[in-house]
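Asks: Starting off with a structure, shown below.
Where a number appears in this text, it was derived from the coordinates with a stated rule and is not lab data. Quick caveat, the model's predicted, so the values are computed rather than measured. All Cβ positions, glycine included, derive from the backbone under ideal geometry; neighbour counts span all protein chains shown.
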Amino acid sequence: MPSADPTARADPALLAWASAAVRHTARVTNMLVAARRFRIVGGDARDAAVLRDLLTGLGARHAEDGAHVDQLWCLGTPDESVAAVEQATADRPRGSTLLVVDAGRHVPAVDEDAFGPTTLARPGVLGVPMTSDDVFLVSTGRDAEDDPAAEARIRWARRSMPVSRALADELRQGGLLRGTRIGVSLFLEPKTAVLALLLRDAGADVVVYAHADETDDAVADVLRRAGLPVHASSTATVSEQRDLALAMLDTRPHVLVDDGSHVIRLVHQERPDLLPTMLGAAEETTSGLRPLRVMVSRGQLGIPVVAVNDARTKTFFDNRYGTGQSTVFATLDLLEGLDDPSPVLVPAGGGSAVVAGFGHVGEGVALVLRALGFRVTVADPDPVRALQALFAGYAVAPLTEAVRTADLVMSASGVPDTISLAVLRACAPGAVVSVAGGVDQEVAVDDALAAGAVRTTIGRKVERVAIPDGPDVLLLDGGGCINITAAEGNPIEIMDLSFAAQLGAVRMLVEHGDELDRAVVPIDPEVDAVTARAALAAFGTVVAPPGGPGTAGPTAAQPADRGPDVRTRRFGDPA
């Protein structure tokens, strides 16, 4: 629903408040904004209008009074909030989470004591068991607890991953994974821990590896206490990481679940003797599939690799909505944490941003930036993608031209040297450079250093980089994929979809790995269908089953002795 006040979005103070409230809620819950049904309770009409516009711009759905909601955003008085919570919890299906957000702009809008004793569901999120096991409170005016509380974060993630839980339970009941050793090499945080434990509970022997900058040590310790071998440390050097990865491979996994295909490539380089005993691997990133396809073209790939990234329930959601939200939010959170944050990027409307690359990730990044009030220019050398960006309402320009006046430059290509030394030299002074794609040297840091660039740390994961024959720019986390290296990764509901696809790929490999080509193979389309239907149910929506009312139904079986009639009847019945 568009704002009734066309000038509301132009008020930078209001947009800054709304942006901070939404980002805080996403940060402490690690939950998705898009697709959630919300209602705003009380408050000033202009405040409510700006918050509503921002939430709907990010893909959430405004619900009218009386309709089922997932989130109550409270702006008014505590009494109004209590009444709204009571109404929202009446006849609510058990297991359906209600998030109550105190987003009071000047004073608290929720009296937490009114709901009885609270418990810490995870840092920054309170449970109210006297009201319901499924109602949780978030205050945007209160900092989250410092305690890493890994067990609580894992429990929180598990409750919001119904699709993965259901698919893993099917594997458990069928006994398919018994005796199968699965090596998991993913960003080691609560959602990955849930996947590893689900695979373990389904009967697999699970061993875990993670890169140092993708390791949450507290989560790793929880998995170790649960009996899983974990080869990961956030302080490991490059050589130590190699040793840890090889130690995981030396457990002789039958299946690898990888992100970036680094471990898949390592087994080919360092442990080729293991390949004949492996059923295959599953790879979930665009950047990870690229080198594997080159290996196929050279006849070098020794195992089948299921292209999980190409599953529609992965790419359309993880890449666009998950990565779009989490990378932009993480970028602005880091900037807001500076002692002297950029006046343009704290995060009000009016800033200018460039998105390098307009694949699914770039689409999501641009969508979120525009919802937050940025003027967005897209740069993509592919003319078709550039045309898509133009049709989506963005300005389009060559990258070296676009960055000259940009406050923020976000690379979403997943291609090395996208932000080349020439691009860095073309940037506006003080421009912020952040990466949403996530491959080594996507920002040409090594080239800049070789040319004499000087790096100075000015805040958590923020450096000022003085570029010879160019400007000073602010580089976030050394050019790492910012939602992974500086935040908690993609939202839980998004990774539920991606990990459901991973579970489908594992099933494919265990059932048919010996029959599959030693190539990058597409995921079974049925995995997408099953995952999507389960996710629709989790979001409170259903669609007609195949062949049900309002659908075309399955294709009728063709008699064996008669081929399909493909003659046209547009010009009358054929002779």
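Asks: Any idea what Rg and Dmax come out to for region 271-315 if you just take the C-alpha atoms, in Å?
Replies: 11.3, 34
Asks: Rounded to the nearest 20 debye, what is the charge dipole size of region 1-110 about its Cα centre when +1 sits on each Lys and Arg Cβ and -1 on each Asp and Glu Cβ?
Replies: Charge dipole of region 1-110: 480 debye, to the nearest 20.
Asks: Could you compute the net charge surrounding ASP440? Neighbours are other residues with a C-beta less than 11 Å from the C-beta of ASP440; K and R count +1, D and E count -1.
Replies: -3
Asks: Sticking with the crude label model, points 7 Å out along Cα→Cβ, report the distance from ALA395 to ASP217 in nm, one decimal please.
Replies: 4.6
Asks: Which percent of the Cα-Cα distances in the chain go past 33 Å?
Replies: Tail fraction, whole percent: 46.
Asks: Another question, then. Which value does Rg/Rh take for region 408-542 over its C-alpha atoms, Rh per Kirkwood?
Replies: Computed over Cα atoms, the ratio is 1.16.
Asks: If I stretch the segment between THR541 and ARG293 completely, what's the gain in nm (0.36 nm per residue apart, minus their alpha carbon distance), one decimal?
Replies: Result: 85.6 nm gained on full extension.
Asks: For region 227-365, just say rounded, prolate or oblate: build the C-alpha gyration tensor, square-root its eigenvalues into a ≥ b ≥ c, call rounded for a/c under 1.5, and beyond that prolate if a/b exceeds b/c, oblate if not.
Replies: prolate
Asks: To the nearest 20 debye, what is the magnitude of the charge dipole of the chain about its Cα centre, counting +1 on the Cβ of each Lys and Arg and -1 on the Cβ of each Asp and Glu?
Replies: For the chain, the charge dipole is close to 1260 debye.
Asks: With a Förster radius of 45 Å, plug the Cβ-Cβ distance of GLU240 and ALA451 into 1/(1 + (r/R0)^6) and report the FRET value to the nearest 0.05.
Replies: The formula returns an efficiency of 0.90 here.
Asks: For a test of the definition: using alpha carbon positions, the gyration tensor, and the 1.5 limit on a/c, classify region 404-482 as rounded, prolate or oblate.
Replies: Since a/c stays below 1.5, the shape of region 404-482 is classed as rounded.
Asks: Additional query: Quick check: net charge around THR315, other residues with Cβ under 11 Å of its Cβ, Lys/Arg +1 and Asp/Glu -1?
Replies: Taking every Cβ under 11 Å from that of THR315, the sum is -2.
Asks: Please compute, over every Cα-Cα pair in region 8-91, the percentage with a separation greater than 19 angstrom.
Replies: The proportion of pairs with Cα distances above 19 Å equals 37 percent.
Asks: Another one. Apply the Debye scattering formula to region 356-454, with a single equal point scatterer on each alpha-carbon and no solvent, then give log10 I(q)/I(0) at q = 0.12, 0.17, 0.23 Å⁻¹.
Replies: Taken in order of the listed q values, log10 I(q)/I(0) reads -0.35, -0.70, -1.25.
Asks: Need one number for region 159-237: average projected area of the convex hull over its C-alpha atoms, nm².
Replies: About 5.1 nm², averaged over all directions.
Asks: Related question: Rounded to whole Hz and in sequence order, give me ³J(HN,Hα) for region 295-311 from the Karplus expression 6.51 cos²θ - 1.76 cosθ + 1.60, θ = phi - 60°, writing x for Gly and Pro.
Replies: 4, 4, 4, 9, x, 9, 7, x, 9, x, 10, 7, 7, 4, 4, 7, 4
Asks: Additional query: Taking GluC sites (Glu not before Pro) that fall in a DSSP loop and have at most 15 other Cβ atoms within 10 Å as cut points, what is the longest piece of the chain between them?
Replies: 146-514
Asks: Follow-up. Taking every DSSP beta bridge with both residues inside the chain, roughly what % is antiparallel (nearest 5)?
Replies: Percentage antiparallel, nearest 5: 20.
Asks: A follow-up question, please. Which three extents, in angstrom, do the Cα atoms of region 38-152 have along their principal axes, listed largest first?
Replies: So the three principal-axis extents are 38, 32, 28 Å.
Asks: Quick check: residue separation of ALA529 and ARG225 times 0.36 nm, minus the Cα distance between them. What number comes out in nm?
Replies: Result: 105.9 nm gained on full extension.
Asks: Something else about it: If amide hydrogens are placed 1.01 Å from N in the peptide plane, which non-local residues have theirs closer than 5 Å to the one on ALA34?
Replies: Those lying under 5 Å, H to H, from ALA34: there are none.
Asks: Let me ask you something else. Using a cut-off of 14 Å between beta-carbons, work out the net charge of the residues near ASP273 (Lys and Arg +1, Asp and Glu -1, ASP273 not included).
Replies: 0
Asks: Can you give the FRET efficiency for ARG271 and ASP201, using 1/(1 + (r/R0)^6), R0 = 30 Å, r = Cβ-Cβ distance, to the nearest 0.05?
Replies: Using R0 = 30 Å, I get an efficiency of 0.60.
Asks: Distance from the Cα centre of region 191-223 to that of region 349-424, in angstrom?
Replies: Between the Cα centres of region 191-223 and region 349-424 lies a distance of 35 Å.
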